[in-house]
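**Q** After the structure tokens below, expect a handful of questions from me.
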2 protein chains.
Amino acid sequence: MRKPPQSNVTHAIVEQLGHAVVARSFGTKDSFPIEAELCKQFGVSRTVLREAVKMLTAKGLLRARPRQGTWVQEENHWNLLDPDVLRWLMERKFSLQLLAEFTEIRLAIEPMAAMIAATKATPASIAQIRNGIHRMKMAEQGDDDPLESDIAFHVAILHATGNRFYSQLEDVVDAALRISIAFTNRYKGVALADIKAHTKVLDHIEAGQPKRAHAAMTAIIEEVMELIGQARKKSPQ
Amino acid sequence: MRKPPQSNVTHAIVEQLGHAVVARSFGTKDSFPIEAELCKQFGVSRTVLREAVKMLTAKGLLRARPRQGTWVQEENHWNLLDPDVLRWLMERKFSLQLLAEFTEIRLAIEPMAAMIAATKATPASIAQIRNGIHRMKMAEQGDDDPLESDIAFHVAILHATGNRFYSQLEDVVDAALRISIAFTNRYKGVALADIKAHTKVLDHIEAGQPKRAHAAMTAIIEEVMELIGQARKKSPQ
DNA sequence: GCCGCGTAATTAATCATACAAATACAAACG
DNA sequence: CGTTTGTATTTGTATGATTAATTACGCGGC
């Protein structure tokens, strides 16, 4: 994604440990290595390791207590909506199941976002949405990236709500779209039909038609849901 | 909420610093104290302070770089959906604005959750929902807590989706409901009408009627939205 | 005066070590 | 047999020293 690289040692450890945790590389609860063990394993000082563990604790992945040691939290404690956790999950543990759950959330958020945008969007935020569509058109002719332009469109709508919590879900949408591409090239390339469907959403938002904007966005995402459903039938995991 | 107290010094600092950050107690960007300064201020060692800062960094509230120092991130970097951040915001910086934004998110999530639950709910998860309603009835007669029982109902529906991301939004709903109570006693006590409306949702879920479940839940939350709207007219912030 | 370049100063990052606190477990005691 | 007390283990906290990254500054060249 678009994060500054952060070339700290600590950060590197956080990444590795984070990946390992979501990938379930640590067997049973008590098989998680003790501090000293991990230090040796990664070749870093206790300070660095502890700070890394603290960061993962802050994201709900780990828990530590004196004398009991450190262990991986139950999955329902993970902050799934944390951008890092999201990314780790998607990089390490892709599954159609996960993608389906992602999309199910989008189905709640994005249509409602479009609906809200239809009543609250400013000229500036509408311009952002339009820019996304413009990029999709460019991408169709090979002059822009199809994935990035698609993301730009969807994210612009989240921001157009003027609601911080919707904006915050940018990363979920981002991850969901990237994951979509990862599993099937069917999504690759920008079809004219896609552009048409996306333009419809913009039109309704601009016209101040909440319900129609909602419906148009729902159509887009249900299309994705459909694709996933088909894929799962072929190779049910 | 229902978290183990965590009586560490580090955790205490995280709480204090977290509160201070969301309350905007640190003026301009460069007025954030340097490490040593904060250590003296809180009377803790650098170890503790650094680990606390790391945890807040993990939640997107702070950022630190050598020679530039530590500073508060722009608000759009905050992980608003992190349970801690959410709680700090709500404890320190209550506003009708914030509550409205909360509720706007609920308006997307919960009706869709009810919809999904109507097709996917298991006997066990339906029992959970029913238990929530049961508690509301008890609360009406003073035999249970009205707020907690209400929360139990809404959270049960999120879980009934079988979707981890919906489950994860438990804290948002939790916070929203608590905040609701905080600003008006209007919400206090359980009205018979409320119980009726909530029961309707359960009935539709049990009957496997997605659209009706969706509508019933929407009605409940729009009622809340209405209340907020009225309050904002009286004292527009 | 202006531009590039190395150098110094500042701040967080890392390391190493020591000691404190919490708690599970077992042994001792009633 | 239950209770208490001790002890070992693991994380928590403290401190000092060192390293690395980044910016600001001054120096020299033009």
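**Q** Identify, please: which residue in the range A:18-52 is more than 13 Å from DNA strand D (Cβ to nearest atom) and part of a helix (DSSP H, G or I) and is, among those, nearest to the other protein chains (Cβ to nearest Cβ)?
**A** Per the criteria, the residue is A:Gly18.
**Q** Restricting attention to the range A:1-17, does a residue exist that is of a type in the set (A, V, I, L, M, F, W, C), surrounded by 15 or more Cβ atoms within 10 Å (Cβ to Cβ) and out of contact with any helix residue (DSSP H, G or I) (no Cβ under 8 Å at 6 or more places or on another chain)?
**A** Yes, some residue in the range A:1-17 is of a type in the set (A, V, I, L, M, F, W, C), surrounded by 15 or more Cβ atoms within 10 Å (Cβ to Cβ) and out of contact with any helix residue (DSSP H, G or I) (no Cβ under 8 Å at 6 or more places or on another chain).
**Q** Sticking with this one: Return the total of residues in the range B:88-123 being more than 13 Å from chain A (Cβ to nearest Cβ) and either closer than 23 Å to A:Ala108 by Cβ or modelled with pLDDT under 90 (or both).
**A** Count: 7.
**Q** Something else now. Mind checking which residues of the range B:69-83 are more than 7 Å from DNA strand C (Cβ to nearest atom) and either aromatic (Phe, Trp, Tyr) or more than 8 Å from chain A (Cβ to nearest Cβ) (or both)?
**A** B:Trp71, B:Val72, B:Gln73, B:Glu74, B:His77, B:Trp78
**Q** Further question: Would you please name the residue that is farthest from B:Ala20 (Cα to Cα), looking only at residues in the range B:36-46 that are surrounded by 14 or more Cβ atoms within 10 Å (Cβ to Cβ) and within 12 Å of DNA strand C (Cβ to nearest atom)?
**A** B:Cys39
**Q** Could you list, ordered by first residue, the pairs with Cβ atoms under 7 Å in which the first is in the range A:34-53 and within 19 Å of A:Ser7 (Cα to Cα) and the second is among the polar types (S, T, N, Q) and near DNA strand D (Cβ under 8 Å from one of its atoms), at least 6 apart or interchain?
**A** A:Val53/A:Thr70
The values are calculated or read from the model by the stated rules, or taken from the named source; none is laboratory data. Quick caveat, the model's predicted, so the values are computed rather than measured. Ideal geometry is used to build each Cβ from the backbone, glycine not excepted, and the neighbour counts take in all protein chains shown.
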